[in-house]
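Here the structure is laid out as structure tokens; the discussion comes afterwards.
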Amino acid sequence: MIVGIDLGTTNSAIAVFRGGGPELIPNALGDLLTPSAVSVTDAGEVVVGRAAQDRRSTHPAQTATAFKRLMGTTRETQLGKRRYLPEDLSALVLASLRRDAEAALGEPVTQAVITVPAYFNDRQRRATRRAGELAGLTVERLVNEPTAAALAHGIHERGDREPFLVFDLGGGTFDVSIVEVFDGIVEVRASAGDNRLGGEDFNEVVARLGTEALKLATPPAGPRAIAFAALVDAAAERTRRGLSEGDAAPFRLIWEGAEHATTVTTAQFEEAAAPLVARLRDPVLRSLRDAGVQSADLSEVVLVGGATRMPLVRRTVTRMFGRFPGVDLHPDHAVALGAAVQAGLKARDAALDEVRLTDVCPFTLGVATSERDAFGQLQAGIFAPIIERNTVVPASREHRFQTVQDRQVRIRFEVYQGEARRASDNILLDTIEVPVPPRPAGEVQVDVRFSYDASGLLEVDVAVPATDQRLRWVVSEGDGAEGSLDARRAALARLKVHPRD
Ligand code: AMP
């Protein structure tokens, strides 16, 4: 059975394609959303989901949330006696979803389609795939979240050519995509985003307003500061949800035995959040520009992500596009439902016979090279794009490079992802060294081929025609993670996970 999983910053969800349509699977508590939270009890037991989320205010030092933001890094979180990589924490959430789905479906779940923000880079995608594998799932494909949202909205069934825009503001990330359908092919024409902007940032604004009004000072760094921050954040989240319903909401927390309470008004919130709202505009304009589409040409604007429930965001979207956004689906469910549609495509469900899905790579991939400038001076660190942003994937492109120095014995390629002309302003993915025969400058050629698969993972092939040498790299699997995937999977499986039912 292939399932579709939305591994969100705040909440995750799992869905399956059956009976001709996608369907969310409730967890052991009967909820359709499982908070992406992990906590470890004093007895060393791991709890995941709502129970972990609830422990955030009582046991902040033993509880981890929002670790999706750290995916692809080696920043570890200490919980109890163990340290966890972001992908370990994600794996625990995935394993919990998997167990719940197996219980609900009455059959083993071994394969999954997992969604990622379109803006996730190669490292972040690889970490997500590893998290799935650590949870005992074969990751059939990674799908960009906005693409999944488009599938959930049944855009693939409409068969018109008009582009539409998916506006996805989640807990931690913001994504904009322009999607188009023709002849049963769903094509993401352009993606842009900000992977450091989401509901959590709006919480910080509320937290600042609340703590300033209460004259509550943050304790100096240490366990007290962590506990304080968690309480303030939980209070801010409640306040912000309240502000989605009315003109003011209480901001209330109990800190070291004393109750502190004030009120935050919508007017105060919206004024303080203006800089965040301003950041919503740029990715929208960039995606329209990249897709070569005018706002007036859009057939629809689809809202996705829990944070689009904020009236402030809805108003901003309405103003930006001069029309009301479509809200026919629950913004928190669309991504998981779309992942299930993709899973159905993978499993070739008869209801989806005619649909295929293509996607574009959301960023440019290339290498740093040295070039001679107009004065014959060697300039190092120039970014040479190989696969341009918004190329339809899977894609494979080749570039030819040559030696720049006499008797040079190797060429060093630094593989980068990004849009800046100066390579070092982009994200370094890997370094590849290719031995070449010592000859005069410019006489040895090297062909570098980048292949980008449908999940957004990169492979590099290098050929040196002079020596008939061929080399292949899969850009390195995140550094720093000790031990093989098997050993780490076994270690995670040994953790005592608290059964919730
Ligand atoms: P997601 O990552 O899509 O699960 O979105 C989670 C984000 O949606 C969190 O930042 C929540 O605070 C936010 N959210 C959920 N419900 C509401 C609501 N009623 N009003 C405001 N924000 C909400």
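Please treat every number below as a calculation from the coordinates, not as lab data. Model, not experiment: these values are computed from the prediction. Cβ: placed from backbone, ideal geometry, glycine included. Neighbour counts: every protein chain shown.
Compute the angle between helix 311-321 and the longest alpha-carbon principal axis of the chain, please, reported from 0 to 90 degrees and rounded to the nearest 10.
40 degrees
For a bin width of 5 Å, list the pair-distance distribution of the range 363-493 built from all Cα-Cα distances, rounded to whole %.
The calculated distribution, bin by bin, is 2, 9, 18, 19, 18, 13, 9, 6, 2, 1, 1, 0, 0.
Given only helices, namely DSSP H runs of n ≥ 4 each adding -39500 (n - 2.57), what is the per-residue ellipticity at 222 nm of the chain, to the nearest 500 deg cm²/dmol?
Here the helix-only value at 222 nm equals -9000 deg cm²/dmol.
Using the alpha carbon gyration tensor of the range 199-274, what are the three equivalent-ellipsoid semi-axes (square root of 5 times each eigenvalue), largest first, in whole Å?
Over the Cα atoms of the range 199-274, the ellipsoid semi-axes are 21, 13, 10 Å.
The chain: Rg/Rh from Cα coordinates, Kirkwood Rh?
Radius of gyration over Kirkwood radius for the chain works out to 1.00.
Using +1 on the beta carbon of Lys and Arg, -1 on that of Asp and Glu, and nothing else charged, what's the dipole of the chain about the Cα centre, debye to 20?
It works out to roughly 960 debye.
Could you size up the charge dipole of the range 153-288 around its Cα centre, putting +1 on the beta carbon of Lys and Arg and -1 on that of Asp and Glu, and report it in debye to the nearest 20?
Value, rounded to 20: 420 debye.
How charged is the neighbourhood of residue 288? Take every other residue with its Cβ under 15 Å from the Cβ of residue 288, and add Lys/Arg as +1 and Asp/Glu as -1.
That works out to -1.
Charges only on Cβ, +1 for Lys and Arg, -1 for Asp and Glu: so what's the dipole of the range 370-418 about the Cα centre, in debye to the nearest 20? The partial results should precede the final answer.
Working: 7 positive and 6 negative charges, 29 e Å.
I would put it at about 140 debye.
If exposed trypsin sites (Lys or Arg not before Pro) are those in a DSSP loop with at most 14 other Cβ within 10 Å, what is the longest stretch of the chain that has none?
82-160
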